[in-house]
Structures are given as structure tokens and as C-alpha cells.
Amino acid sequence: MRLLLREQVKGLGAPGEVVEVLNGYGRNYLIPQRLAVPNTPENRRLVEAERITWIQREAKRKELAEVAAGALKNALLQVYMRAQPDGTLYGSVSRAVVAKVIADQIKVDVEERWINLASPLKKIGDYDVSISLPTEEEVAFKLTVLPEEEEPS
């Protein structure tokens with residue numbers, strides 16, 4: 001089955017490429033997930049317009065990633081969370097919280113999926129956090145989780 005990819009499919013191709021796949025894979029996965037469409041002239045025109053948009057979006061993401069890499073290289077960030085006396089947090093520091101801290105303190109927007117956290121942070125302390133950027137670069141920085149009471153006023 002020859003299909004025209006609408007989006008990037010890992011191990012298969014980029015938007016706008018015509019690929020040959022097994023019938024079941026195309027009918028049961030690629031087409032229902034809107035990752036591919038049948039290879040017709042009308043669909044080629046539509047996918048080409050989507051491809052141009054995708055290329056522009058990827059260029060913006062890579063530009064954002066380069067800015068983030070420069071700003072975050074060896075950065076020291078702090079987040080204040082409510083904690084129990086033994087140092088256990090009432091909540092946790094998730095990828096969303098880390099992204100918000102980066103946006104607030106460094107003034108750089110990063111996508112949550114770029115942030116590498118094995119599991120949410122649940123204790124007070126210093127943590128090494130890394131970000132995998134779309135430019136295949138990995139940037140590491142320190143994140144300090146502090147109890148809310150120590151926040152300077």
C-alpha cells in the first residue's frame with residue numbers, strides 16, 4: 001500500500017514522503033491516526049501545504065531550542081513547594097512545574113516533553129535535571145527544591 005505521510009513517523013519518514021507499507025499497518029494504524037492519507041493528486045497538494053507549515057514550525061522549535069540551550073547551560077534554578085517537616089513535599093515537582101520554573105526564572109519557554117525526569121520529585125533537595133532538545137542536544141542544569149517557608153519576602 002502506497003501512502004502519503006502527513007506527519008513525521010519515526011522509522012518511516014517525514015511529512016510529504018510517499019511510503020510503501022503493509023496493508024494492515026496502513027489501514028489499521030496510519031490512516032485512522034491521521035498520520036497518512038492515500039497517495040492521490042488532491043492529497044499531495046494538501047500534504048504539501050501541511051509540510052510547509054511543518055517545516056516552519058520545526059524551524060521555530062529548533063530556534064527556541066538553541067535559545068534554551070544557551071540560557072539553561074549550567075543554570076541554577078529554585079522552586080518553592082509546601083513541605084512537611086521531614087522534607088517530603090505535599091505535592092511533587094513534575095515536568096510541568098519545571099517548565100513553569102524555567103519560563104518564570106530564565107524567561108525561555110520549553111516544551112514539557114523535552115524535560116527528562118524519571119519520576120516527579122517528592123523531596124526537598126538539589127537535583128540534576130536535563131533537557132533533550134530537538135537539535136539532538138542535551139542540556140543539564142541544577143534544580144533546588146526548597147520549602148515554602150524559606151522563600152525570601
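Of the listed requirements (1) assigned to a helix (DSSP H, G or I); (2) at positive phi; (3) of a type outside the set (Asp, Glu), ALA99 misses just one: (2).
Screening LEU46 on (1) closer than 25 Å to LEU121 by Cβ; (2) of a type in the set (A, V, I, L, M); (3) assigned by TED's automatic domain parsing to the domain that holds GLY16 shows it passes everything except condition (1). Checking SER119, SER130 one by one, the residue that is without any contact (Cβ under 8 Å) to a residue 24 or more places away in the chain and within 14 Å of LEU77 (Cα to Cα) is SER130 and no other.
Mind listing just one residue for me: the one in segment 64-83 that is of a type in the set (A, V, I, L, M, F, W, C) and not in a helix (DSSP H, G or I) and, of those, surrounded by the fewest Cβ atoms within 10 Å (Cβ to Cβ)?
To start, the set of residues in segment 64-83 that are of a type in the set (A, V, I, L, M, F, W, C) comprises 64-65, 67-69, 71-72, 75-77, 79, 81, 83.
Imposing the further condition that a residue be not in a helix (DSSP H, G or I) reduces the set to 75-77, 79, 81, 83.
Details: ALA75: 16, LEU76: 10, LEU77: 18, VAL79: 18, MET81: 19, ALA83: 20.
Among residues in segment 64-83 that are of a type in the set (A, V, I, L, M, F, W, C) and not in a helix (DSSP H, G or I), the one surrounded by the fewest Cβ atoms within 10 Å (Cβ to Cβ) is LEU76.
Do we find that TYR90 is touching a strand residue (DSSP E or B) at 6+ places or on another chain (Cβ under 6 Å), part of a strand (DSSP E or B) and not assigned by TED's automatic domain parsing to the domain that holds GLU58 in this structure? The answer is no for TYR90.
The values are calculated or read from the model by the stated rules, or taken from the named source; none is laboratory data. Treat the numbers as computed from the prediction; the structure is a model and nothing was measured. FYI the Cβ positions are ideal-geometry reconstructions off the backbone, even for glycines, and counts take in every protein chain you see.
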